[in-house]
1. To the nearest 10 degrees, how steeply does helix B:243-253 sit against the main Cα axis of chain B, on a 0 to 90 scale?
2. Would you mind ranking B:263, A:81, A:130 by Cβ crowding within 10 Å, fewest neighbours first?
3. Taking a point 7 angstrom from the Cα of residue B:171 along the C-beta vector, which residues in the stretch A:26-54 have backbone N less than 14 Å away?
4. Once you have a ≥ b ≥ c as the square roots of the Cα gyration tensor eigenvalues for the stretch B:114-207, tell me rounded if a/c is under 1.5, and otherwise prolate or oblate according to whether a/b is larger than b/c.
5. Taking each residue of A:103-113 in turn, how many C-beta atoms of other protein chains fall within 10 Å of its C-beta, and what is the average?
6. Taking the Cα centroid of the stretch B:123-180 and of the stretch B:344-369, what is the distance between the two, rounded to the nearest whole Å?
7. Please report how far the C-alpha centroid of the stretch A:44-91 lies from that of the stretch B:34-113, rounded to the nearest whole angstrom.
8. Using only Cα atoms and rounding to the nearest 10 degrees, what angle (0 to 90) does helix B:333-351 make with the longest principal axis of chain B?
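FYI, it's all coordinate maths here, none of it is from the lab. None of these values were measured; they are calculated from a predicted model. Neighbour counts are summed over all protein chains in view; Cβ atoms, including those assigned to glycine, are modelled from backbone coordinates with ideal geometry.
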Amino acid sequence: MNRLLRTLFLRPRLILALALSSGAVEAADLAVIVSARSPVVTLRPDQVVEIFLSQSNRFPDGTEAVAVDLSLGSALRDEFYGKVARRSPALMKAHWSRLIFTGRGQPPAEVDSNAAMRKLIADNPGMIGYVDRVALDASVRAVLIVR
Amino acid sequence: MGHVLSARSVVSAAVLACLLAWMPCDAQAQTTWRFGGFGTVAAAHSTEHQGDYTVNPNSPGRAGYSRDWAFDVDSRAGVQMDVQIDKRWSAVAQVTQEKSVENSYKTYLTWANIKFQATPDLSLRAGRIALPLFVAADYRKVGYALPWLRAPVELYSLIPISNSDGIDASYRWHAGNVKHETTISLGRATARLNKDVLGKARAIVGITDSATIGALTLRFTAAQTLLVVPGAEALFDGLRSFGPPGQALADRYDIAKRHVRVYSAAVNYDTGDWFVIGESGRINTSSLLGDQTASYLSTGYRFGNVAPYVTYARLVANLRTHTAGLPLDGLPPEAAAVAGVLNDTLNFQLRQIGVQDTASVGVRWDIAPNIALKAQVDRVTPRGGSIGTLINVQPGFRSGHAFSVVSLGMDFVF
């Protein structure tokens, strides 16, 4: 019930964000997404970053979060880390080298297209990913728009 | 061969633990294997010809006295196998190929452990695990993961061990906007203190907390171990035979069984475009093996794929590196001769406790997604009559004179 209320309450803000952002139709605005069935409604960039850098394995509401990446080298992936985490591909590689080679962690699983990402996220309420904004549909919810 | 066997046995132990169903093993859970590796090829040249410049005495490089350009100061390689058995159980084994004190490259089993992710915030590991005494202590050998050509030698040459055989627990928690990760480690290890001295670190207990607020990370570590080092009985029994003054000297400097305490604090601010990192660490052996504090401050800026940096590092001794030793007055000639030898031995060992500072400038250039080229120039000054962090020091060496080290390297990961 609580979740439903919160979703209903917060949804207008999200729609507003989407509406405002639709002005600039520059290439590759991207959307950080969760399943439409997820209770998570909105996230701050720093909350997204800590999940994708494996500094946290939970959404702010305490439920478990599993990050999913687009494949290494994809332009959207580089844009996502560049804009949200302010890290170049080389810095991300160095970050994961530190975790992998000390046995402390592994990078997110990868999918190779917006469509595959959207389907995987839609089917798994505990997962979080990102797609090109034009790939959004009703099966997923944008919790952060990155321009 | 032994390494391969032990790596295998760890994996099978993990599988066995799963089969024993401490945790129900999901039938759908897919076991995934990952293989990766890292390496550095680098050459170093030192203008100090009366000793060899090295990163760590346990992995002796030969730049300066033995070689004009030495490839063994920083070059090494490692490979790693990871297996994710299910959502909660995983295992890792890593072997590295590095310079050994026998002056040849040797294969070491760096880590081999099983990890159990009890909750999203709590992980437990058992086996051979990284001991995170300093910020880069557990990944300093992965050159690609470092902004520098090498981790500052003043601090990182002090580490006699980087892994321990035991268990650790890591817990992530939030306090307001501050993210914490707290790790507690328990274990034991073989500690190579230098070329000639091999000890056992028993009952290692360590706690590390790292706190992150946005781009700022603060880190604190405290650790203690009981270090047992055989082989110096002749010196200390000899001292004790000289009555109360000898007794006092032996109690002060004996290395046979001592509590070693390690403290460190670090700050790291990294916006992505630029970084500042500072760290200070103290290792107190309460013995002739020294009590040293090392600190460094480094900053760098990233111009796209090119990231220049400057570093200043300093190593100081928290004890006097000279002792008057046994009083010789009034001793019969034969006893005075023995006492003189004991005093010289004490003072020779005290001079091995390095005091040094280094100013460095360098650059990292990411030329490909997995490859970084690096160049670094260091201005190194061993001080206080000590040999600093040099090894193979020759009679012509004079402390207090600055020398330069030029290094070029390539780091890769796959």
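1. Taking the Cα atoms of chain B, the angle to B:243-253 is about 30 degrees.
2. Details: B:263 16, A:81 22, A:130 29.
Arranged by neighbour count, lowest to highest, B:263, A:81, A:130 become B:263, A:81, A:130.
3. Counting only backbone N, you get no residues.
4. On the way: a/c = 2.29, a/b = 1.34, b/c = 1.71.
Oblate shape, in that a/c is at least 1.5 and b/c is the bigger or equal ratio.
5. Values: counts 18, 12, 3, 7, 1, 0, 1, 0, 0, 0, 0.
Partner Cβ neighbours, averaged per residue: 4.
6. Between the Cα centre of the stretch B:123-180 and that of the stretch B:344-369, the gap is 20 Å.
7. 31 Å
8. Long axis of B:333-351 versus the principal axis of chain B: about 30 degrees.
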